[in-house]
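Derivation of every value follows stated rules applied to the coordinates shown; laboratory data play no part. Model, not experiment: these values are computed from the prediction. Cβ placement follows ideal geometry from the backbone for every residue including glycine, while neighbour counts extend to all protein chains displayed.
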Amino acid sequence: MKKYFSLKSNRQLPVSASGNSLSEMFSYLLTGGATTLINYVVYLTLLHFKADYLTANTIAWIFAVSFAYVTNRIFVFHSENQIGKELVSFVSLRFLTLLTENLLLTLFIQHCQFHPILSKLAVSFVTVIANYVICKCQIFRKSAGYLNARPVSQKGEEIHE
């Protein structure tokens, strides 16, 4: 009997209406909310103690990214990838959002004369969306092993060996 192989993908897009993807998005929103809270608390505390807004934002970023990596890995994306490589990837790509955030803060605060707290709120919308896309598509994606080759009969039915 001749056997054929089909590839079944378990990968789901973040906009899918499936329960797994909705659960992932809900978990991301919860952990992202906690990450944002940490970021704001550190940022506001440092501003209160007269730190420069870019210094405050960068230090807040360090606290937030540390928390975000652990919670995203464990609770959101349930990653089983190699920690070292994944952590470097996570921090590197999140560093791009830090640069974007610092550039936008400079634009809003120095050039548009917006208040540092309002500027931080406005910039957060951009970074939250960018961070989700980066995490989902680049950092915590399933390894190549998520494609499962399974034998199927000539009729297309799965063969259980």
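Approximating the spin labels as points 7 Å out from Cα along Cα→Cβ, the residue 52-to-residue 133 distance works out to 3.0 nm. Among the trypsin sites (Lys or Arg not before Pro) found in region 17-115, those both in a DSSP coil and sparsely packed, with 13 or fewer other Cβ atoms within 10 Å of their Cβ, are 50. The fraction of Cα-Cα pairs per 10 angstrom bin, counted from 0 for region 17-141, comes to 13, 45, 29, 12, 1 percent, rounded to whole percents.
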